[in-house]
Amino acid sequence: MSEAIALQEYEKGTSLWADAWHRLQKNRLAVISAAGILCIVCFAVIGPWFTAYDYDQQDTALGASAPSAAHWLGTDPLGRDLLTRVMYGGRVSLLVGLCATTVSLLIGVLYGAISGFIGGRVDHFLMRVVDVLYALPFTIFVIILMVFFGRNFILLFFAIGAVEWLTMARIVRSQVLSLREKEFVEATTVLGLPHHHVILRHIIPNALGPIIVYATLTIPQVMLLEAFLSFLGLGVQPPMSSWGILIKEGVETMEEYPWLLLFPSITLTGTLFALNFLGDGLRDALDPRVSKD
Amino acid sequence: MNRLLVFALALAGCVALAAGCGGGATDDGKKVLRVGNRSEVQDLDPHLCTGVAEQRALASIFQGLADLDLATMKPIPGAAASWTISEDGLVYTFALQPNGKWSNGDPVVAGDFLYAYKRMLTPALGSEYAYMLHCLKNAKAYNEGTLTDFGQVGVKVVDDATLELTLEAPTPYFLSMQIHYSWFPVPQKAIEAFGEMTTRGSEWTRPGNHVGNGPFKLKDWRPDEVLAVERNPNYWNAGSVKLDEVQFYPISNEQTEERMFRNGELDLTYTVPMFKIESYRKEHPELLQIHPYLGSYFYRFNLTRKPFDDVRVRQAFSLALNREEIAANVCKAGEQPAHFFTPPNTAGYTSQHQVETNIEKAKALLAEAGYPNGQGLPPVEILYNSSETDKIFAETVQNMWQGSLGATITLRNQDYKIYLDSMTGLNYDIARSMWIGDVVDPVNFLECFLTGGGNNRTGFASPEFDAAIRAAYAEPDVAKREAHLQSAEKILLENAVIAPVFFYTQKFLQDPKVKNVVPNLLGQYAWQDIDIVEPAA
């Protein structure tokens, strides 16, 4: 490692991020996935401007109809265009995935890193707090948060994130525990670097791999959680919809109107696949231990 | 290899165990009927209930003075073996069943009924359904606290086996009302073993403590899981009871209920999911039951809140509902659009006043109220109970109101009990509501909206309306009585206290092995008559 640092001085060092970007570009699957995610984001954000329908525009006389030229993905029992609803639902689902995961990342990573790096009594205390929060029935915890936050669904996203960070904190802590025994951390001590600098510049980048993998796993979790909370009347309220809600409704009429389950499910799984491949690619790309080429 | 074997064995064990536990209704020769019952019962104290699920369950463990022959809708002997009615139709003298007993073996005596009526009418108990008893002489005054001597109320114990009831006015449906839980006798000893007469929610209704006089007695009650009642050997007509046990499952999710029925875990369901009706019609018409039902689906307005304190806003909302479209396109079981509250031809009565659908008029009224095109109208929330069907209706009317009135409508769903509390506490703007008749008489629908009534839940208080209902109570002449009811319904609709949507049909799934279920307007079940006959193998 020290040799690598020495070499960098000579060949004009590139940053971790530039390296990562370089490596990511070489990973074809990750690039395709990233493009796919971009498409889905465009589909959800820009798509609704191009459909002829509104997400709550009903045509009860038409009712549930199979995919046709007028309604590419068919309509639901109230005659609403499924394509439009999947687009709008995507906004909610992607937003909840992004917000909640970001929140859980921020809290979990910082919490776990601090706990693991400082160690001793602080570590002990912080981890017991996590244990206590783990023991709280999860749903009740979210509902309590909702009582404080009201029924604003943007706040709900943060509330979900605020309860999803526990596992992240533990994973990061365990990584940090092993990292802090490494020589390069000893070196930072010798150099007299402040704690926050060590944690942010040296510890966390080295723990990025598992963090990213877990983050990509958190996204589907929070999307499905949002659907569940919406059913309880805490999340997005009808006629607004999300992928989770569309799928839940689709399951109920699976035998009668299979397209109502099929299309939202394909969209959701497609997104999750892409996210996972991209996460994989990012993990490889961001791993500072991978030798440069 | 070894590990695999252990795993396989464990799996086999699980399967065997599951098979052993599952079992059919008549595993050990017992006839067990498993019924979907929608929601968890509020209580098993007949004086503290308001729901339909409660009626179904309570009718198995209690019995009123008279029962109903569900095929003819004529009264038949219940806890009373016979009765005589005075010529003016005011005094009913009941002779109780000579071997009528409570489930603990105590005899059912006339005093038990007196105790029950007294408890029901005592203001301190705060029973929502107390007004059902107001047809008894002086009962209203006692219930409202203006009369404190119960001796003046028209209930008289002649002797242990004879009860004499005196009414305020001839009430044609008085006997058929006895099937409703507000008229059921309650066991004084059991109640007072766990509290005062007016203690709400005491332990007496728990398994082991509960005492009833119905064909079944309480066996097990696990909230949100199952309510099981078993044959009551002390029932006066125990020999005629065919089932050994009835299990009521509180399954609020219609999809779940339908799936359980398909898996053979239920014999009789509460309802059928809307979207399954078509496929049942096509594939299993023998399981699908659709029958007329005395029920109204409507939206309540909260008259104590802005903007619905203004009658013009309420009228506008009611006028903007396209009931034909809802009934024809959204409902799937032949429901009829409702332009008034009481279902048509309820004991010969059909409201003459009708609410129409007229978007132009609705807009004009809204503008007159100060909200042209919905401008300035505060966001309005529709409250409904967490159910897929009600969500669909809520979304439909939301769309109608937003589209035609320019109102901002949000939806909110709550668990059934919380939803009821919110309605009672007037903590809503618009609430999805329904009323299923307790007796086949229009007054049963209209009296809900008496000032201060437990089922009013709108804040509606109109002396003219109350006067019309009271006049109908007191009127012996059928034609004049109907005129009073007509004017009451007119007041209700003109004030747009509610916006009627459609009239229910009763729809449920029934396993062919279940016999003697008699479909009727009230959705009542005579559990003592129902039988299970396993098809010959």
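The values are calculated or read from the model by the stated rules, or taken from the named source; none is laboratory data. It should be emphasised that the depicted structure is a prediction, and the values quoted were computed from it without experimental measurement. As a convention, Cβ positions derive from the backbone with ideal geometry for all residues, glycine included, and neighbour counts pool all protein chains shown.
Observations on the model:
- Residue identified as among the aromatic types (Phe, Trp, Tyr), farther than 30 Å from B:Ala80 by Cα and away from chain A (no Cβ under 14 Å) among B:Tyr235, B:Tyr249: B:Tyr249
- In this structure, A:Leu225 does not satisfy being within 14 Å of another protein chain (Cβ to nearest Cβ), more than 19 Å from A:Val172 (Cα to Cα) and touching a residue at least 24 places away in the same chain (Cβ under 8 Å).
- Helices (runs of 4 or more DSSP H) contained entirely in segment A:164-236, each with at least 2 residues that are farther than 29 Å from A:Leu98 by Cβ: A:166-179, A:183-191
- Members of segment A:15-33 found to be at pLDDT 90 or above and among the small types (Gly, Ala, Ser), listed by number: A:Ser33
- Verdict on B:Asn399 being touching a Gly at 6+ places or on another chain (Cβ under 8 Å), buried (at least 17 other Cβ atoms within 10 Å of the Cβ) and within 13 Å of chain A (Cβ to nearest Cβ): no
- Checked against the criterion of being touching a residue at least 12 places away in the same chain (Cβ under 8 Å), in a helix (DSSP H, G or I), within 14 Å of another protein chain (Cβ to nearest Cβ) and acidic (Asp, Glu), segment B:372-392 contains one or more residues that satisfy it.
- In segment B:270-313, residue farthest from the other protein chains (Cβ to nearest Cβ) [restricted to those that are over 22 Å from B:Ser252 (Cα atoms) and among the polar types (S, T, N, Q)]: B:Thr304
- Residue that is touching a Cys at 6+ places or on another chain (Cβ under 9 Å) and either modelled with pLDDT under 95 or more than 14 Å from chain A (Cβ to nearest Cβ) (or both), where the choices are B:Asn413, B:Asn455, B:Asn427: B:Asn455
One line per residue, one yes/no per condition, for (1) modelled with pLDDT of 80 or more; (2) closer than 30 Å to B:Glu388 by Cβ:
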| residue | (1), (2) |
| --- | --- |
| A:Leu145 | no, yes |
| A:Leu166 | yes, no |
| A:Ser174 | yes, no |
| A:Val185 | yes, no |
| A:Val198 | yes, no |
| A:Val222 | yes, yes |
| A:Ala227 | no, yes |
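- Any hit, segment B:224-245, residues being within 30 Å of B:Tyr428 (Cβ to Cβ), assigned to a loop (DSSP other than H, G, I, E, B) and out of contact with any helix residue (DSSP H, G or I) (no Cβ under 9 Å at 6 or more places or on another chain): yes
- Taken together, the residues in segment B:123-163 that are β-branched (Val, Ile, Thr) and touching a residue at least 40 places away in the same chain (Cβ under 8 Å) amount to 4.
- Filter pass, A:Leu262 being of a type outside the set (Phe, Trp, Tyr) and crowded, with 16+ Cβ neighbours inside 10 Å: yes
- Scan of segment A:188-241 for residues that are surrounded by 16 or more Cβ atoms within 10 Å (Cβ to Cβ) and of a type in the set (Gly, Ala, Ser), ordered by number: A:Ala207, A:Gly209, A:Ala215, A:Ala227, A:Ser230, A:Gly233, A:Gly235, A:Ser241
- A:Gln237 vs. criteria out of contact with any His (no Cβ under 6 Å at 6 or more places or on another chain), of a type in the set (S, T, N, Q) and either within 30 Å of B:Glu283 (Cβ to Cβ) or more than 14 Å from every other protein chain (Cβ to nearest Cβ) (or both): no
- First in segment B:73-92 and of a type in the set (D, E, K, R), second anywhere and part of a strand (DSSP E or B), Cβ under 8 Å, 6 or more apart: B:Lys74/B:Leu68
- Matching residues, segment A:251-271, being within 13 Å of chain B (Cβ to nearest Cβ), at pLDDT 90 or above and part of a helix (DSSP H, G or I): A:Leu260, A:Leu261
- Enumeration of residues in segment B:252-269 that are part of a loop (DSSP other than H, G, I, E, B), of a type outside the set (Asp, Glu), touching a residue at least 12 places away in the same chain (Cβ under 8 Å) and away from every other protein chain (no Cβ under 14 Å): B:Gly264, B:Leu266, B:Thr269
- Residue selected from segment B:326-347 under the condition outside any loop (DSSP other than H, G, I, E, B) and touching a residue at least 40 places away in the same chain (Cβ under 8 Å), by the criterion farthest from the other protein chains (Cβ to nearest Cβ): B:Thr346
The rows are residues; the columns are (1) without any contact (Cβ under 8 Å) to a residue 40 or more places away in the chain; (2) among the aromatic types (Phe, Trp, Tyr); (3) buried (at least 20 other Cβ atoms within 10 Å of the Cβ).
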{"site": "B:Ala193", "(1), (2), (3)": "yes, no, no"}
{"site": "B:Thr199", "(1), (2), (3)": "yes, no, no"}
{"site": "B:Thr205", "(1), (2), (3)": "no, no, yes"}
{"site": "B:Gly208", "(1), (2), (3)": "yes, no, no"}
{"site": "B:Asn213", "(1), (2), (3)": "no, no, yes"}
{"site": "B:Asp224", "(1), (2), (3)": "no, no, no"}
{"site": "B:Val229", "(1), (2), (3)": "no, no, yes"}
{"site": "B:His284", "(1), (2), (3)": "yes, no, no"}
{"site": "B:Leu287", "(1), (2), (3)": "no, no, no"}
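- Members of segment B:405-460 found to be over 14 Å from the mean Cα position of the chain (by Cα) and aliphatic (A, V, I, L, M), listed by number: B:Leu405, B:Ala407, B:Ile409, B:Leu411, B:Ile418, B:Met423, B:Leu426, B:Ile430, B:Ala431, B:Val443, B:Leu446, B:Leu450
- Against the test of being within 26 Å of the chain's Cα centre (by Cα) and more than 14 Å from chain B (Cβ to nearest Cβ), the options A:Gly120, A:Gly90 yield a single qualifying residue, A:Gly90.
- Within segment A:15-38, none of the residues are of a type in the set (Val, Ile, Thr), assigned to a loop (DSSP other than H, G, I, E, B), surrounded by fewer than 21 Cβ atoms within 10 Å (Cβ to Cβ) and in contact (Cβ under 8 Å) with a residue 12 or more places away in the chain.
- Number of the condition not met by A:Gln8 [criteria: (1) assigned to a helix (DSSP H, G or I); (2) modelled with pLDDT of 85 or more]: (2)
- Test result for B:Glu534, under 30 Å from B:Glu257 (Cβ atoms) and of a type in the set (Asp, Glu): yes
- Residues considered: A:Ser115, A:Ser104. Of these, the only one that is crowded, with 18+ Cβ neighbours inside 10 Å, in contact with a Gly (Cβ under 8 Å, 6 or more places away or on another chain) and either closer than 22 Å to A:Pro220 by Cα or of a type in the set (Gly, Ala, Ser) (or both) is A:Ser104.
- Strands (runs of 3 or more DSSP E) contained entirely in segment B:58-144, each with at least 3 residues that are touching a strand residue (DSSP E or B) at 6+ places or on another chain (Cβ under 6 Å): B:66-69, B:80-85, B:91-96
- Segment A:242-258, subset more than 17 Å from A:Tyr55 (Cα to Cα) and in contact (Cβ under 8 Å) with a residue 24 or more places away in the chain, residue surrounded by the fewest Cβ atoms within 10 Å (Cβ to Cβ): A:Glu256
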